[in-house]
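What follows is one structure encoded as structure tokens, with my remarks underneath.
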Amino acid sequence: YVHTGIPEVDATSRAGLIGLTFILNDRTAVEAGEPIGVDIENDELAFFPLLYWPISPDQPSLSDRALSRLNTYMKNGGIIVFDTLDQTSARAADVQSVGPGLQRLRDIGHDLDIPPLVPVPPDHVLTRSFYLMQAFPGRWADGQVWVEQGQDRVNDGVSSVIIGGNDWASAWALDDNQRPMFATVPGGERQREMAYRFGVNLVMYAL
């Protein structure tokens with residue numbers, strides 16, 4: 001997960017990936033290790049097939065060095081999941097609708113090589129990489145999820161960017177006693193289960 005410099009956001013990312021790691025190790029052949037927080041300004045990104053990056057309105061700006069490193073990472077097959085955490089603020093099924101997290105992503109990412117995006121198609125690999133599913137809830141439900149358009153000829157057809165605002169880490173997050181840390185709204189524990197399934201699909205898709 002990407003260190004944002006915002007303590008509560010980073011703590012939730014870590015707890016969320018700890019929860020998702022538990023599910024992966026319990027349900028799949030993946031042997032996931034301890035979640036690692038990444039400093040995109042300095043850390044080597046090539047070791048990580050998948051980065052979870054929560055974007056809040058307080059997200060610091062990126063240096064030119066960081067932008068260049070991120071573009072290289074995506075070009076060479078890395079996947080970034082941008083979670084704008086703002087599905088309750090921007091409900092329209094249109095990437096042009098702007099919640100506070102999405103607006104901040106636009107502000108900091110205008111120099112990122114983000115390709116044209118489309119809503120996840122019904123037959124996309126992300127809908128069937130482990131579980132069969134057509135919705136991708138997190139702490140919030142019903143937010144649109146976007147993937148790269150027409151990426152079949154590069155990176156083995158895998159999208160380098162996935163964008164949504166459902167706050168997935170909060171849905172995955174477990175405390176030290178393996179109890180959920182945040183409510184999932186409006187669908188309760190069934191929604192949390194679907195959020196875990198989406199997390200598993202994400203990892204399988206990346207691997």
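Hey, any hits in region 9-30 for a residue that's small (Gly, Ala, Ser), modelled with pLDDT under 95 and touching a Leu at 6+ places or on another chain (Cβ under 8 Å)?
Taking every residue of region 9-30 in turn, none turns out to be small (Gly, Ala, Ser), modelled with pLDDT under 95 and touching a Leu at 6+ places or on another chain (Cβ under 8 Å).
State whether one or more residues within region 19-27 are among the hydrophobic types (A, V, I, L, M, F, W, C), more than 17 Å from MET181 (Cβ to Cβ), part of a loop (DSSP other than H, G, I, E, B) and open to solvent by less than 30 Å² (accessible area, probe 1.4 Å).
No, the conditions are met nowhere in region 19-27.
Between residues in region 80-95 that are among the aromatic types (Phe, Trp, Tyr) and modelled with pLDDT of 50 or more and residues that are open to solvent by less than 20 Å² (accessible area, probe 1.4 Å) and not in a loop (DSSP other than H, G, I, E, B), which pairs lie under 6 Å by C-beta distance while being six or more apart or on different chains?
Close Cβ pairs (under 6 Å, with a partner that is open to solvent by less than 20 Å² (accessible area, probe 1.4 Å) and not in a loop (DSSP other than H, G, I, E, B)) amount to PHE82/TRP53; PHE82/LEU105; PHE82/ILE163.
If we keep just the residues of region 146-158 that are of a type outside the set (D, E, K, R) and either under 10 Å from the mean Cα position of the chain (by Cα) or at pLDDT below 95 (or both), which is most open to solvent (accessible area, probe 1.4 Å)? Give the steps one after another, and end with the answer.
In the first step, residues of region 146-158 are kept if they are of a type outside the set (D, E, K, R); the result is 146-147, 149-151, 154-155, 157-158.
Still in the running and either under 10 Å from the mean Cα position of the chain (by Cα) or at pLDDT below 95 (or both): 149-151, 154-155, 157-158.
Numbers: GLN149: 104, GLY150: 57, GLN151: 12, VAL154: 75, ASN155: 52, GLY157: 22, VAL158: 33 Å².
The selected residue is GLN149.
Give region 136-147 a look and list any residue that's out of contact with any strand residue (DSSP E or B) (no Cβ under 8 Å at 6 or more places or on another chain) and within 20 Å of GLY19 (Cα to Cα), or say none.
The answer is PRO137, and nothing else.
I'd like the full set of residues that are charged (D, E, K, R), touching a residue at least 12 places away in the same chain (Cβ under 8 Å), open to solvent by 20 Å² or more (accessible area, probe 1.4 Å) and under 20 Å from PHE130 (Cα atoms), limited to region 163-207.
The one that is charged (D, E, K, R), touching a residue at least 12 places away in the same chain (Cβ under 8 Å), open to solvent by 20 Å² or more (accessible area, probe 1.4 Å) and under 20 Å from PHE130 (Cα atoms): ARG197.
Within region 38-49, work out how many residues are surrounded by 14 or more Cβ atoms within 10 Å (Cβ to Cβ) and part of a loop (DSSP other than H, G, I, E, B). First the steps, then the outcome.
Residues of region 38-49 surrounded by 14 or more Cβ atoms within 10 Å (Cβ to Cβ): 38, 40, 43, 45, 48.
Adding the requirement that they be part of a loop (DSSP other than H, G, I, E, B) leaves 40, 43, 45, 48.
Counting residues in region 38-49 that are surrounded by 14 or more Cβ atoms within 10 Å (Cβ to Cβ) and part of a loop (DSSP other than H, G, I, E, B) gives 4.
Between residues in region 114-137 that are farther than 28 Å from LEU67 by Cα and residues that are in a loop (DSSP other than H, G, I, E, B) and among the charged types (D, E, K, R), which pairs lie under 9 Å by C-beta distance while being six or more apart or on different chains?
Pairs that qualify, where the first residue is farther than 28 Å from LEU67 by Cα and the partner is in a loop (DSSP other than H, G, I, E, B) and among the charged types (D, E, K, R), are ALA135/ASP142.
Scan region 4-18 for residues that are surrounded by fewer than 18 Cβ atoms within 10 Å (Cβ to Cβ) and not in a helix (DSSP H, G or I) and jot them down.
GLY5, ILE6 - these are the residues of region 4-18 that are surrounded by fewer than 18 Cβ atoms within 10 Å (Cβ to Cβ) and not in a helix (DSSP H, G or I).
The values are calculated or read from the model by the stated rules, or taken from the named source; none is laboratory data. Note that the structure is predicted; figures quoted are calculated from it, not measured. Quick reminder, even Gly has a Cβ in these numbers, built from the backbone with ideal geometry, and neighbours come from all protein chains shown. Protein only, heavy atoms only, side chains kept; ligands, DNA and RNA dropped before computing areas. Shrake-Rupley method; radii C 1.70, N 1.55, O 1.52, S 1.80 Å.
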